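Enquirer: Structure provided below as structure tokens; questions to follow.
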Amino acid sequence: MKKIFAGLLAVAFGIVLLIGISLNTGLFGYNDSLPEDGAASHYISKDVNGKTDEVVFGETTGAETGSANMVTSVIANYRSFDTLGEVTVLFLAALGVSLLAGTMDKGRKRSGSGFILRTSARILFPLMLVTGIYIFTHGHLTPGGGFPGGSMIASSFLLLYLADESFRANVKGFKVAEGLAGTLYVAIGIVGLLAAGYFLVNFLPTGTVGNLLSAGIIPVVYVIIGLKVGSEITGIVADMFNEEVKA
Amino acid sequence: MNWFDILEAGISVFLVVFALTAVISRKLLTSIIFLSALSMTAVAGFALLSAPDVAVTEAVIGSGLVTFIFVASIRNLRKAGDGL
């Protein structure tokens with residue numbers, strides 16, 4: 001009975017997906033019926049770059065956020081306080097995993113891995129690490145940002161854990177990096193509060209749209225978020241392997 | 001219907017099939033692997049709907065880390081002797 005109900009639920013969900021996505025009925029996607037004076041409508045129709053003329057990649061200067069990626073300008077500029085809360089939620093989740101995994105008995109021997117996994121991990125690990133770093137340093141230019149980039153760094157460490165049974169991540173170092181990154185995020189916010197009057201305001205010059213060093217504090221904040229998320233999730237991975245080093 | 005719509009419809013069908021298999025399968029490990037496959041199919045869907053950032057996040061978290069956390073939890077619980 002339970003399984004039939006679950007199956008029916010999955011089928012109904014699939015039908016909604018089919019109707020909504022494939023046939024474009026307006027269930028998903030762009031909606032014309034947004035209220036004109038609503039906040040969402042304001043943010044969707046707002047020119048992120050603060051100018052009426054067209055934004056040219058690599059030429060426009062003095063834009064409002066200076067970020068070429070509209071999602072990033074919302075996440076790391078307009079709604080940066082929200083992102084601070086999100087990072088805190090992730091920290092609490094990592095803390096919970098730490099507390100739970102800490103009660104389990106340690107010292108279980110990991111099983112060895114095969115030749116293919118060991119060899120391919122040696123090739124894939126640097127590629128994944130550099131891709132993760134690329135994703136969060138270019139968060140204001142290309143799709144992506146601190147959260148996917150940090151998670152990618154963590155999965156590269158997961159690959160090392162899976163490939164080499166004697167590998168131990170430097171958990172203590174990751175904890176220090178995570179705490180430092182969190183403190184720096186709040187410090188940037190307080191500097192903004194002192195310099196321009198608002199917490200986490202974009203107080204640096206925004207530069208030219210499309211340059212790596214542009215968009216004010218957005219790349220700084222995203223690098224901090226990337227490091228924080230990466231070290232936190234790597235800590236979770238290390239905890240799940242039951243092999244946390246003693247602090 | 002052009003090929004793009006057909007591809008999207010195919011992905012939707014695969015999403016349903018993987019979701020059903022994850023629910024119906026008897027072993028927990030099989031469910032987890034099918035959830036991972038579901039995530040990978042969703043990645044293709046997100047990429048088709050021109051949301052590359054969501055696709056990257058889903059690929060890394062939904063298909064990689066969540067699968068690992070489920071599998072590790074099952075192994076730890078098995079070791080604790082709950083008879084899963």
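The values are calculated or read from the model by the stated rules, or taken from the named source; none is laboratory data. All figures in this text were calculated on a predicted structure; none of them were measured in a lab. Neighbour counts run over all protein chains shown; Cβ positions are idealised from the backbone, glycine included.
Enquirer: When the residues of the range A:134-158 are narrowed to those that are over 19 Å from A:S80 (Cα atoms) and more than 9 Å from chain B (Cβ to nearest Cβ), which ends up surrounded by the most Cβ atoms within 10 Å (Cβ to Cβ)?
Expert: Top of the filtered list is A:I153.
Enquirer: Could you tell me which numbered condition B:A59 fails, if it satisfies all but one of (1) more than 21 Å from A:T142 (Cα to Cα); (2) crowded, with 17+ Cβ neighbours inside 10 Å; (3) under 12 Å from the mean Cα position of the chain (by Cα)?
Expert: (1)
Enquirer: Counting just the residues of the range A:108-130 that are outside any helix (DSSP H, G or I) and closer than 20 Å to B:I74 by Cβ, which one comes out modelled with the highest pLDDT?
Expert: The extreme case among them is A:S113.
Enquirer: Another question about this same structure. Tell me, yes or no, whether the range A:182-199 has at least one residue that is in contact with a Ser or Thr (Cβ under 8 Å, 6 or more places away or on another chain) and of a type outside the set (G, A, S).
Expert: The answer is no, given that none of the residues of the range A:182-199 is in contact with a Ser or Thr (Cβ under 8 Å, 6 or more places away or on another chain) and of a type outside the set (G, A, S).
Enquirer: Mind listing whichever residues of the range A:61-91 are in a loop (DSSP other than H, G, I, E, B) and surrounded by 19 or more Cβ atoms within 10 Å (Cβ to Cβ)?
Expert: Hits for the range A:61-91 are A:A63, A:T65, A:G66, A:S67, A:A68, A:N69.
Enquirer: Can we say A:L95 is over 30 Å from A:G210 (Cα atoms), within 22 Å of the chain's Cα centre (by Cα), at pLDDT 60 or above and of a type in the set (A, V, I, L, M)?
Expert: Yes; evaluated as a whole, the condition is true for this residue.
For (1) aliphatic (A, V, I, L, M); (2) within 16 Å of the chain's Cα centre (by Cα), each residue gets a yes or a no:
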site	(1), (2)
B:E8	no, no
B:V43	yes, yes
B:L48	yes, no
B:L65	yes, yes
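Enquirer: For the condition more than 10 Å from chain A (Cβ to nearest Cβ), loosely packed, with under 15 Cβ neighbours inside 10 Å, in contact (Cβ under 8 Å) with a residue 24 or more places away in the chain and of a type in the set (A, V, I, L, M), what is the one hit in B:L29, B:L35?
Expert: B:L29
Enquirer: Next up: Among the residues of the range A:71-104, how many are within 11 Å of another protein chain (Cβ to nearest Cβ) and within 13 Å of A:L141 (Cα to Cα)?
Expert: 2
Enquirer: Quick one: which residue in B:S63, B:S50, B:S73, B:S12 is out of contact with any helix residue (DSSP H, G or I) (no Cβ under 9 Å at 6 or more places or on another chain), at the interface with another protein chain (Cβ under 10 Å from one of its Cβ atoms) and either touching a residue at least 24 places away in the same chain (Cβ under 8 Å) or over 20 Å from A:F13 (Cα atoms) (or both)?
Expert: The conditions single out B:S50.
Enquirer: Same structure again: Quick check: is even one residue across the range A:178-198 within 22 Å of the chain's Cα centre (by Cα), surrounded by 14 or more Cβ atoms within 10 Å (Cβ to Cβ) and within 30 Å of B:R75 (Cβ to Cβ)?
Expert: yes
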